[in-house]
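Trainee: Just passing along the structure, written as C-alpha cells.
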Amino acid sequence: MDVQVHDEGVGEVVLRPVGEIDMATVDVLEKALATALDRPGLRAVVVDLAGVAFLDSSGVRALVDAALRARREGVPLRVVDPRPVVARVLRITAVGELLGLPAEVPVSPAASFRGLN
C-alpha cells in the first residue's frame, strides 16, 4: 500500500492511498495522516479512497482517529470517491457521516441485483 500526498494550495492536503488497507499496511496510512495533520496552516484534509480495493477495521480506526483529531483542531477531514465495497464498510461501521460520506441513497433490490447500485 502506498499513499500519495498532494498539496492543493490554500491549506488543503489530498491523500490518495492505493492498494489494500489492513492491519499489515495501516501504519503507512496513519503516518501519512499524522504528517498531513501536522502541517502548519492546514485548512482541510481530503482522503481520496478511489485507489483502495480493501479496507478492514484497522483502516476504519485510522480514518476515525484522524477525523477526530482533525475535528479537535478545527480542520475538516473527509473521504471521497470510495469504491462500493469500501463505502459499504464505512457505512456498516457507522462512520460514514463522521468522514463526510453522503447518506446512502436507497435502491430497490431489483436495481441492486442488476448492478445499478
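Trainee: What angle do you read, to the nearest 10 degrees and between 0 and 90, between the alpha-carbon axis of helix 26-37 and the longest principal axis of the chain?
Mentor: 50
Trainee: What residues qualify as long-range amide H neighbours of Glu20, i.e. H under 5 Å apart, gap of 5 or more or another chain, H built at 1.01 Å from N?
Mentor: Long-range HN contacts for Glu20: Ala53.
Trainee: If you look at just the Cα atoms of the chain, how large are its Rg and its Dmax in Å?
Mentor: Calculated on Cα positions, Rg and Dmax stand at 14.5, 49 Å.
Trainee: Taking only Cα atoms and a 10 Å spring cutoff, compute GNM fluctuations for the chain and point out the largest among Asp38, Asp22, Asp56.
Mentor: Of the options given, Asp38 has the highest mean-square fluctuation.
Trainee: Rounded to the nearest 10 degrees, what's the angle between the helix 57-72 long axis and the longest principal axis of the chain, both from Cα atoms, 0 to 90?
Mentor: In the chain, helix 57-72 runs at an angle near 50 degrees to the longest axis.
Bear in mind these aren't lab numbers, they're just calculated from the coordinates by the rules spelled out. These numbers come from a predicted model, not from an experiment.
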